[in-house]
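> What follows is a structure written as structure tokens; I'll ask about it next.
The values are calculated or read from the model by the stated rules, or taken from the named source; none is laboratory data. Everything numeric in this text was worked out from a predicted model, so none of it was measured. Note: ideal-geometry Cβ built from the backbone for every residue, glycine included; neighbour counts use all protein chains shown. Areas reflect the complete protein model, heavy atoms only, side chains present, ligands, DNA and RNA absent. Shrake-Rupley method; radii C 1.70, N 1.55, O 1.52, S 1.80 Å.
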Amino acid sequence: MEALIPVINKLQDVFNTVGADIIQLPQIVVVGTQSSGKSSVLESLVGRDILPRGTGIVTRRPLILQLVHIDPEDRRKTSEENGIDGEEWGKFLHTKNKIYADFEEIRHEVEAETERISGNNKGISDEPIHLKIFSPHVVNLTLVDLPGITKLPVGDQPKDIEVQIRELIFKYISNPNSIILAVTAANTDMATSEALKVAREADPDGRRTLAVVTKLDLMDAGTDAMDVLMGRVIPVKLGIIGVVNRSQLDINQKKLVADAIRDEYAFLQKKYPSLANRNGTKYLARTLNRLLMHHIRDCLPELKTRINVLAAQYQSLLNSYGEPVEDKSATLLQLITKFAAEYCHTIEGTAKYIETAELCGGARICYIFHETFGRTLESVDPLGGLTTIDVLTAIRNATGPRPALFVPEVSFELLVKRQVKRLEEPSLRCVELVHEEMQRIIQHCSNYSTQELLRFPKLHDAIVEVVTSLLRRRLPVTNEMVHNLVAIELAYINTKHPDFADACGLMNNNIEEQRRNRMRDLPNAVPRDKAAAGGSQSASVSEQTDSGTGNWRGMLKRGEDSAAGDRAAPQNPVFASPQKGHAVNLLDVPVPVSRKLSAREQRDCEVIERLIKSYFLIVRKNIQDSVPKAVMHFLVNHVKDCLQSELVGQLYKTALLEDLLIESEDMAQRRNEAADMLKALQKASQVIAEIRETHLW
């Protein structure tokens, strides 16, 4: 099992090469307040001074420290290959293959790298420093040193320094594969330990938390940490281990870590003899090594699954980026053909990628035709914007200077054309909406259907321009056709239309019924036969007169004949009468005043309004049917039929090949990153496979 930790170190090296932290590897995360002794604990485990020291916040970037135990044979081989004179050395990830045999130089490099990223204003950064220490005096461990928890900013630190540090700490201790090493000074109250508090937030069950109590030698006289170390104050499942740190004076006097460990052992034997064998730096190192090995063994199955899943995902991602282009001519033709096919498939509803969030393509065009356009037409009132006075005025204006015996046909045509004209605006708006949707299909195909186009931004832009230009050319043609459809309806008012004749026949019957009812109400002094004869004679004349103009005009004449009695009735003046004592200027334009319509006027208006409504509904049905057909023929189908030939004609040219197939730098970079990550994942998978073969797992 001891070999499991080097395996994890090897996995860490693999993922460090691609700068990725997508795999959460088992590691020990050290947390504590400022000046709690975190750095001293780490240096005791290493056996060397490698970390910056001082007051206030010293650790300002995460330090991922890998301790690698080496045997004499490996030490001698490495020393010969690299010309190292010594048994211990270190390597930084950011300095590549440079080997540091001087640990003072390692400490200076940590300080320099910290200031390079975090600056010299006591600010922090979440970008880690990777340091690997090779030594025969260490046990295999992977530790992470984090900035100490603080409450208030000092100097020119950011005001939210506490929040920044807590977020950085939780980023690491939230990893379920990590072990939390909560460091607390013995001369502080254990119940107020910030390290244990944050550890409990991330690990409520305490299965991943080990407590370390530092500075046992600095407790007040007459007190000891016996209850704390025994877990009677704050119990910790993985245990509580006490250590003795070097003082600042010891550090200033260059006291060796080995000497400090000997002094620590003597102190524990004297002060805590019953607990000496379960405390101290050496016991802490062995405990951490044991916990990490068991933790790695428990995490490996899930780690293996995670690596395999990510490898499959990155393989798929790399496939989507495509291979470098060799035959540019064939590639260009293939991309053009594929885009044209996907565009047409999106309209027809047979595209490979079906949008589920909203309607698009042909489905949206269908919705525009039958829902948006259809309902808009149905909402147009046949008599909208037309008042009874407008109808009456049109009738009178159409009669000229002479009083009319019949309702003039011109008034009906004038008014019905005015209403039919209102159908043109929603029809043109329908064309606009379909044009916009066909423009949106371009983006849909680029995003979902033809990912390869994202590799070649210039080709993508050129295709968009060609399709947009084609749509733009078809828009005025389609608008003109729709305008003509309305103009055709306005050009000839067909009063012989079967549906319109039926409507007139129904109104004839209604008026005839009204005439008979009035005849029954005539006084006895009027002979009914004369009235009937007069009615039949009038009807006969009407039939002869209207044999060529349709039933609707005959109906209007019979309505006028039956209203002969109304002519003798006095009518209210249309204009205001001059008042007594005031002169009347006939040159002034008289101002009409509101009045009640006569029975005949009301009847004439009602007849015209019914005829307008009947004919308008016929025209509306025609427009509702013909406009979608025109749009499909002149715009949608034309673009579908001509798209590929248009793209080939505009873009498939030898002079444009090199320029159009220039791959974006971003895409090339992403392909390389995906390839590197896939290679790292495959290598990690091999490492785990080796573990199974050697029966370490």
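> Can you tell me which residue in the range 354-392 is least open to solvent (accessible area, probe 1.4 Å), limited to those that are in a loop (DSSP other than H, G, I, E, B) and within 18 Å of LEU433 (Cα to Cα)?
Step one: of the range 354-392, the residues in a loop (DSSP other than H, G, I, E, B) are 354-361, 380-387.
This time we only want the ones that are within 18 Å of LEU433 (Cα to Cα), so: 358-361.
Working: GLU358: 96, LEU359: 82, CYS360: 30, GLY361: 0 Å².
The qualifying residue least open to solvent (accessible area, probe 1.4 Å) is GLY361.
> Can you name the number of the only condition in (1) more than 53 Å from the chain's Cα centre (by Cα); (2) surrounded by fewer than 17 Cβ atoms within 10 Å (Cβ to Cβ) that GLY206 fails?
If we test GLY206 against (1) more than 53 Å from the chain's Cα centre (by Cα); (2) surrounded by fewer than 17 Cβ atoms within 10 Å (Cβ to Cβ), just (1) comes out false.
> Could you check how many residues of the range 82-120 are farther than 28 Å from PRO158 by Cα and in contact (Cβ under 8 Å) with a residue 24 or more places away in the chain?
Going through the range 82-120, the residues farther than 28 Å from PRO158 by Cα turn out to be 82-93, 95-106.
Now narrow it down to the ones that are in contact (Cβ under 8 Å) with a residue 24 or more places away in the chain: 87-93, 103-104, 106.
Count: 10.
> With the condition kept exactly as written, say whether any residue in the range 295-311 is over 30 Å from VAL467 (Cα atoms), modelled with pLDDT under 85 and touching a strand residue (DSSP E or B) at 6+ places or on another chain (Cβ under 9 Å).
For the range 295-311, residues over 30 Å from VAL467 (Cα atoms), modelled with pLDDT under 85 and touching a strand residue (DSSP E or B) at 6+ places or on another chain (Cβ under 9 Å): present.
> Could you please give the count of residues in the range 110-125 that are surrounded by 16 or more Cβ atoms within 10 Å (Cβ to Cβ) and assigned to a loop (DSSP other than H, G, I, E, B)?
Qualifying residue count, the range 110-125: 4.
> If you scan the range 218-229, which residues turn out to be in contact (Cβ under 8 Å) with a residue 12 or more places away in the chain and either assigned to a loop (DSSP other than H, G, I, E, B) or touching a helix residue (DSSP H, G or I) at 6+ places or on another chain (Cβ under 6 Å) (or both)?
We begin by selecting, within the range 218-229, every residue in contact (Cβ under 8 Å) with a residue 12 or more places away in the chain; these are 218-220, 224-226, 228-229.
Matches in the range 218-229: MET219, ASP220, ASP224, ALA225, VAL228.
> Quick check: anything in the range 159-171 under 25 Å from TYR283 (Cα atoms) and in contact with a Ser or Thr (Cβ under 8 Å, 6 or more places away or on another chain)? Walk me through how you get there before you give the answer.
Step one: list which residues in the range 159-171 are under 25 Å from TYR283 (Cα atoms), which gives none.
Checked against the condition, which is being under 25 Å from TYR283 (Cα atoms) and in contact with a Ser or Thr (Cβ under 8 Å, 6 or more places away or on another chain), the range 159-171 yields no hits at all.
> When the range 187-214 is examined, which residues are found to be over 20 Å from LEU292 (Cβ atoms), in a loop (DSSP other than H, G, I, E, B) and modelled with pLDDT under 90?
Of everything in the range 187-214, those that are over 20 Å from LEU292 (Cβ atoms), in a loop (DSSP other than H, G, I, E, B) and modelled with pLDDT under 90 turn out to be ASN187, THR188, ASP189, SER193.
> Please identify the pairs in which a residue from the range 293-304 that is under 16 Å from ALA684 (Cα atoms) has its Cβ atom under 7 Å from the Cβ atom of a residue that is open to solvent by 70 Å² or more (accessible area, probe 1.4 Å), counting only partners at least 6 apart or on another chain.
The qualifying pairs are ARG297/MET1; ARG297/TRP697; LEU300/TRP697.
> Could you tell me which numbered condition LEU268 fails, if it satisfies all but one of (1) touching a helix residue (DSSP H, G or I) at 6+ places or on another chain (Cβ under 6 Å); (2) assigned to a loop (DSSP other than H, G, I, E, B)?
(2)
> Additional query: When you look at ILE173, is it within 13 Å of THR33 (Cβ to Cβ), of a type in the set (Val, Ile, Thr) and surrounded by 13 or more Cβ atoms within 10 Å (Cβ to Cβ), yes or no? Let's see the steps before the verdict.
Numbers: within 13 Å of THR33 (Cβ to Cβ): no; of a type in the set (Val, Ile, Thr): yes; surrounded by 13 or more Cβ atoms within 10 Å (Cβ to Cβ): yes.
Spelling it out, it is not the case that ILE173 is within 13 Å of THR33 (Cβ to Cβ), of a type in the set (Val, Ile, Thr) and surrounded by 13 or more Cβ atoms within 10 Å (Cβ to Cβ).
> Restricting attention to the range 174-189, which residues are closer than 12 Å to VAL212 by Cβ and out of contact with any Lys or Arg (no Cβ under 8 Å at 6 or more places or on another chain)?
LEU181, ALA182, THR184
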